[in-house]
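Following: one structure in structure tokens, then a few remarks.
The values are calculated or read from the model by the stated rules, or taken from the named source; none is laboratory data. Since the model is a prediction, treat every value here as computed from it, not as a measurement. Using ideal geometry, Cβ is built from the backbone for each residue, glycine included, and neighbour counts are taken over all protein chains shown. To get the accessible areas, we keep the full protein, side chains included, count just its heavy atoms, and leave off ligands, DNA and RNA. Shrake-Rupley method; radii C 1.70, N 1.55, O 1.52, S 1.80 Å.
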Amino acid sequence: MKTKFNWIFIILLCCLAFRTVAAERNGLRFYHLGQEDGLSHSTVFSINQDRKGYMWFATSDGLNKFNGYNFTVYRHAYGDSTSIASNTSRCIMVDGSGRVWVGTSEGLSLYDSDKERFVNYYISRKGKHVAVVNIVQMQRGKLLLGTPEGGFCLRYCAAPVPRRRIAAGHAGTEECGYGAPGRPYLYRGFARSV
């Protein structure tokens, strides 16, 4: 019986070695990036690549940008409204215009690459900020935000406006206009279907 298991193990090991060689022949190479390389946390929730080639990692301890050599870690700084909304980043989405949107445990952050800062959007429900755990671009200028409170549709304009806080009513029943004259943001909640 033990001999049979040894043969099965040897066959599986040979198959694994063959698959590794085949992957390298096709030009696929995998590299491990960890905390020893500068990644801020070993728990990674989401990975995305922007138009400039930077790799973005959403972790439990900051948003990480990787240029192929080094990591830049973005963390929330108390009192700094231009820092990311929270240290816990849950998802990353690059829209059709190349902007990087980050869902955090405290709301939504939009990365401004020219100024190396963030514009934050908070959805408040019952006096608390709602986490954004998923972001999907529906069409140009429209995002669907997944939250524990349900989904929210965000219509945004090309240039973000300075106001950043909305109060969400009961999901499915309320629309909130938001923004500057001629550049409204519209948030519409909808109930989750069970």
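Rounded to the nearest 0.05, what FRET efficiency do Asn67 and Ser124 give with R0 = 35 Å and r taken as the Cβ-Cβ distance? Could you check? Mind showing how you got there, number by number?
Details: r = 35 Å, r/R0 = 1.00.
The computed FRET efficiency comes out at 0.50.
Please find the FRET efficiency linking Tyr31 to Asn134, where r is the Cβ-Cβ separation and R0 is fixed at 25 Å, and quote it to the nearest 0.05. Between Tyr31 and Asn134 the formula returns 0.40. Checking the Cα-Cα distances for Lys52/Lys142; Lys52/Lys128; Lys65/Lys126 against a 31 Å cut-off, the pairs over it are Lys52/Lys128; Lys65/Lys126. Rg over Rh for region 29-154 works out to 0.96, both radii taken from alpha-carbon positions and Rh defined as the Kirkwood radius.
With every protein chain present, what is the per residue accessible area of region 73-145 (1.4 Å probe, Å²)?
Working: 3340 Å² over 73 residues.
Per-residue value: 46 Å².
Ligands, DNA and RNA left out, the accessible area of region 77-150 computed with a 1.4 Å probe is 46% carbon and sulfur.
Could you sort the peptides 122-129, 27-34, 144-151 by per-residue average Cβ neighbour count (10 Å cutoff), highest mean leading? Working shown, then result.
Values: 122-129: 14.5, 27-34: 8.1, 144-151: 18.2.
By packing density, highest mean first, the sequence is 144-151, 122-129, 27-34.
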